[in-house]
Amino acid sequence: MIKFEKSSFVISTKDLNYIFRVLPTGQLEHLYFGNKLVDQNYEAFQSKITAGSGSTIDYVEGENTVALDLMTLEYSGIGKGDYRISPIEIKMPDGTFVNDFVYDSYQILDGVIESKDLPISRANDQKVKSLVIKLIDRKFKIELKMIYTTFFNSNVIARRIIISNNDDKEIVIRKIMSMMIDFPESDYDLITFDGGWIKESHKTKRPLSIGTYINDSVTGNSSNRHNPGIILAKKDAHKDYGVCVGINLVYSGNHYEAVQISNHGLMRVMNGINPHCFEWPLKKGESFETPESVMSYSNQGFNTLSQSFHEFINTHVTPRQFQNVSRPIVLNSWEAFFFDFNQRKLEALAKKASKLGVELFVLDDGWFGSRNDDHQSLGDYDVNKKKLPGGLNGLSDHIHKMGMKFGLWFEPEMVNPKSKLYESHPEYAVKIEGRTPTLGRNQLVLDLCNQEVREYIFEQIKEVLDHARVDFVKWDMNRHMTDMYSSSVGNQGMFFHRYILGLYEILNKITKEYPNLMIETCSSGGNRFDLGMLYYSPQIWASDNTDPIERLKIQEGLSYLYPQSSISAHVSLAPHAQTLRKTPLSTRFNVASFGILGYELDLKYISPIEKKEIKKQIELYKTYRDVFQYGTYYRFNPKDEHQKVWQVSLGNTHILGNFQTLSDASPNLETLKLKNLESDETYEIESIGQSMSISRFGHLISHALPIKINPYGSIMRLISKYKQLDNATESFVASGEALKHGFRLKQQFMGTGYNDQTRILGDYGSQIYIAKKI
Ligand code: GLA
C-alpha cells in the first residue's frame, strides 16, 4: 500500500494512487493523484521541461530541466526559483528567509504516527500505513518530516509536517502548511462552504483563473465564514460524474487554504494553520507539528467523494466508543424556554417529551449562577437553586426515571465580566493591559494558553459531572476572539494555536476521564464544524437555524464533507424564529431526519394532532435510525433550483427525501429516481403518510365544506387542532432497474381541485419514500 520503486513513492488506497518521485536534485516531484493505475511506469506524469522559459531560474546552473517554478512539487520553499505561493516561511538561523529542503531518507510504518498534542485520524484497521520522508535544509541542521498516511478502505490520504530545529540558533516559523500539492492542469472550479451565523456552510462554486484564491478563518476558530473543507472540481463534474478532489483539515482554529493558478497553468493547493498573526520560534532541539490535512479524489463526481469522507470520518475520526452507535433523539430546552424556566417547567416538558418517544433531555443554557439572560455567570457552574431546588441531581434522577438520558449545556471556554470567576480571576480572561477588552455576546474568552485556566475549567466540569448523572454534554463556544494576548506565551504569534492546543488538552482529559460521556459541540451553531472537534465530539450542532428550508442549504453543504452521523438537526416551531417562515411539521421532520434528529420547542404549543404526528415521526426515525444516521448518502441533480433530493441507503433499505422550496403554477408532472438498487431485485416502495393542517387552505376550505364557517374563526381553529387532511401516498412494487430508471409520482395540486390522491406539496412541502428489497 506504500512502495518505493524506481525513485517513486506510490501510496495506494482501495481505489486510488498518489505518486511522487525524488528528483536527482532532491526535490519531490508530484506525479499523480487519481484512480489506481495498472502500469508501473510513471514517465507519463513527469515534468517535460526542455528549455526553461524566459525569466525562469534554473535550480542547477547550466541545466534547464529543473526549473522549480515550472514543476509540480510536493512541497516548496523560498529563494530557489519557485515564485509561486510558498507553503513555508521561516526566519532561518542566518536571518534570511531562504530555505532549501531536499530529500534525505524515508521510512514506511504500520498505522498512524501519533501526535503529541493534536488530534490525528485514528488507525482502527490493519490497512492503515504511514510514510515518513525526511527532508533536510542544504545549509542548516533543520529537518522537515513529511508524513503521509493512507486510510486504505476510505480512499483518504492524510499529510502533515513535523519540523525540527537542530541548529544552535533559534529559527522563527511564520508559515508552515500541512501539505502542498501541484496539479498539472488548472481547468477547475473551487467549491467552498461559506456563510455566517444562521447561514452556515452554503456551497459556493467559482471558476478559477490565473491568480490566488484564499479560503480562511481569522476568528480564532474554524468559523462559520468559511469551513476548512474545500473541493476542486473539473468544470464538467456533477453529482455522479467527473473529477473532484476534496481537502480538509483536522483543526479547529484559524485555517488557511490557498489555490493558485500559475502563469504557466499549473494549479498549486495548500492548507494548514493560518499564517495570520502566526509566529512560532523553535530553539535548538525543538519541533513543531502541523495539523493533519486529509484528501480524497473521485472521478465519479461529488457523491463518491462525499461517501469517502463520510466513511473516513465514521471510521477514523469519530471517537471509537461512538462509532456506529445509534445517536439518541433529543429534546433540547433552549428554544422552548431560553433562560426562563424552573424545575416544574422542565419536568413538565420532559414528561411530554418522554411520552412522544424522546430519548435524551438536554438542559441548555441558564441553569447556573444567576444566568437569567446572557449578561452574567459564564464561568460559575454552580447550580441555580432558585430554578432547580432539587439540584441537577434531582432533575437528572427525575429524567432518568422517565426513561430518558440527561444532557447538560456548558460554555467552558468563556467568562462574563459579571461573574464570580472574573471577580476573583480577571487574569484568566483574554485581554491586553491598557486596552478595554472588547466583548462578544457580553463575554470574554478564557485564556486556554494558561495551564492554570485549563485546570480550572477541567475541575469545574468534573465537579458537575461527578455530582449528577449526566450522559451528554453540549459544549458551546459563542464568540470570535479579540484582544489576543496571553501572558503564558512568550511570542504572541503563538496565541491562536496555543489556544487550540489548550482546548484539545482539556477535551482529551475530559474524554479520557468520562469515556462514555457523549459530547456535542456547538459554536453559536456551526461556527466550529470541523474534523478537530469531531475527533472529540461525535456530533456537532450544525446551526442555530432550524428553519427546514434554510437547513436544506446548510445540511446539504455540510454533507459534501461530513456524514449525517455528525450533523445535529432539530425540529422547532413555525413560524420560525429567524425567518418567520411557516413550514409544515412534516418538512421540519423530513429535513432533520437526514441527520441526528431532535426537537427544540415547547410542547405546550403543539396541538393534539401535531403530537400524534411527532410520535409517528419518532417511531419512524427509530425504525430507520441506522439508515438515516449511517446510510450511504446521495445528492441528486435537482429538476430546478427549487428542489432538493437526497437518499440514504443501508443494506436493503433505501430512503429518499424530495423537498420543494417553492411551488410552480401548474407544475410539470414528476419522476423520481433511486440509486444504489440491485437491478434484478424487486422492491416495495411507499411514501410516508403525512397530514396537513386544514388552515393551510385558508379561505379555500370554505368551498369544500358542506357548512359555511369562518375559515379564520375560532371554530376552524378548534377543528384544526384535532383534524388534519391526509396527503396522497404512493405504494407499489417495482424492480430495482425500474426504480433506478425513474418512477412517476401522483400529480401535484394544480389549483383545479383536490382529492385524497392529489399530492399537495406547495411551498416548503416534502415527502419521504422508503424502498425495501423483498
Ligand atoms: C448558542 C447555541 C444555542 C444555545 C445558546 C444558549 O447560541 O448555538 O444552541 O445553546 O447558545 O445560550
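Things worth noting here:
- Nearest 10 degrees, 0 to 90: helix 608-623 Cα axis against the chain principal axis: 40 degrees
- Between H467 and D382, the modelled labels are 0.9 nm apart [label points 7 Å from Cα along Cα→Cβ].
- Set of aspartates and glutamates near K611 by C-alpha distance (under 18 Å), chain-local residues within fewer than 8 positions excluded: E335, E347, E359, E600, D602, E619, D726
- Relative to the longest principal axis of the Cα atoms of the chain, the long axis of helix 495-513 lies at roughly 60 degrees.
- Within segment 28-166: Cβ-based charge dipole about Cα centre, in debye rounded to nearest 20 (Lys, Arg +1; Asp, Glu -1): 500 debye
- Straight-line cross-link partners of K91 among the aspartates and glutamates, defined as a Cα under 19 Å from its Cα and at least 8 positions apart when in the same chain: D82, D100, D137, E143, D167, D168, E170, E279, E286, E289.
- Around the Cα centre of segment 535-674, unit charges on the Cβ atoms of Lys, Arg, Asp and Glu (plus for the first two, minus for the last two) sum to a dipole of about 300 debye.
- Coordinate range of the alpha-carbon atoms in segment 156-223 per principal axis, descending: 49, 36, 27 Å.
- Approximate spin-label separation E681-K283, in nm, with each point projected 7 Å along Cα-to-Cβ: 6.4 nm
- Under 5 Å, built H, 5+ apart or other chain: amide partners of K474: L408, W409, F410, E520
- Rounded to whole Hz, the Karplus (6.51, -1.76, 1.60) HN-Hα couplings of segment 200-217, x for glycine and proline: 6, 6, 7, 6, 10, 10, 9, x, 9, 9, 3, x, 10, 10, 10, 10, 7, 9
- Length gained when the stretch H699-Y106 is fully extended (0.36 nm per residue, less Cα-Cα span): 205.9 nm
- The amide H of Q539, built 1.01 Å from its N in the peptide plane, has T521 as neighbours under 5 Å, considering only residues 5 or more places off or on other chains.
- Helical mean residue ellipticity (222 nm; -39500 (n - 2.57) per DSSP H run of 4+; nearest 500) of the chain: -5500 deg cm²/dmol
- Cα centre as origin, Lys/Arg/Asp/Glu Cβ charges: the chain dipole, Debye: 2380 debye
- Full extension of the chain between K512 and T25 gives 170.6 nm of extra length, using 0.36 nm per residue less the Cα-Cα distance.
- For K639, the solvent-accessible surface computed with a 1.4 Å probe is close to 110 Å², ligands and nucleic acids excluded.
- For C277, solvent-accessible area (1.4 Å; no DNA, RNA or ligand), Å²: 70 Å²
- Stokes-Einstein D for segment 23-125, Kirkwood Rh over Cα pairs, 10 °C, 1.306 mPa s (µm²/s): 95 µm²/s
- Seen from a random direction on average, the alpha-carbon convex hull of segment 309-408 projects onto 7.9 square nanometres.
- Pairwise centroid distance, computed over Cα atoms, of segment 299-320 with segment 203-250, Å: 16 Å
- Treating r as the C-beta distance of T729 and K708 and R0 as 30 Å, the FRET efficiency rounds to 0.45.
- Spacing of the modelled spin labels on R206 and N299, each 7 Å from Cα toward Cβ, amounts to 3.0 nm.
- Apportionment of accessible area to carbon and sulfur, the chain, percent (1.4 Å): 50 percent
- Percent RCO, i.e. relative contact order, over the chain, from Cα pairs under 8 Å lying at least 6 residues apart: 10 percent
- Ordering A350, H642, Y75 by Cα displacement along the dipole of the chain toward the positive end leaves A350 in first place; charges were set at the Cβ atoms of Lys, Arg (+1) and Asp, Glu (-1).
- Residue-span extension gain [S370 to K169] - 0.36 nm each, minus C-alpha spacing: 67.1 nm
- With a cut-off of 15 Å on the backbone N, the residues of segment 92-108 near the modelled label site 7 Å out from I57 along Cα-Cβ are 96-101.
- Largest to smallest accessible area among S424, S55, S222 [probe 1.4 Å]: S55, S424, S222
- Cβ-Cβ FRET estimate between T758 and D236, R0 fixed at 51 Å, reported to 0.05: 0.85
- Convex hull volume of the chain per residue (C-alpha atoms, cubic angstrom): 170 Å³
- R581 long-range amide H proximity, modeled H, under 5 Å: H576
- Partners for K723 among aspartates and glutamates (Cα-Cα distance below 14 Å; same-chain residues under 8 apart left out): E610, E613
- Label zone at I214 (point 7 Å along Cα-to-Cβ), backbone N below 13 Å, segment 258-291: 258-260, 272-278
- Ranking by accessible area, most exposed first, for H480, H264, H570 with a 1.4 Å probe: H264, H480, H570
- Take E737: with every protein chain present and a 1.4 Å probe, its accessible area is about 100 Å².
The values are calculated or read from the model by the stated rules, or taken from the named source; none is laboratory data. These numbers were taken from a predicted model, which means no experiment stands behind them. So basically every Cβ, Gly included, is an ideal-geometry build from the backbone, and we count neighbours across all protein chains shown. Protein only, heavy atoms only, side chains kept; ligands, DNA and RNA dropped before computing areas. Shrake-Rupley method; radii C 1.70, N 1.55, O 1.52, S 1.80 Å.
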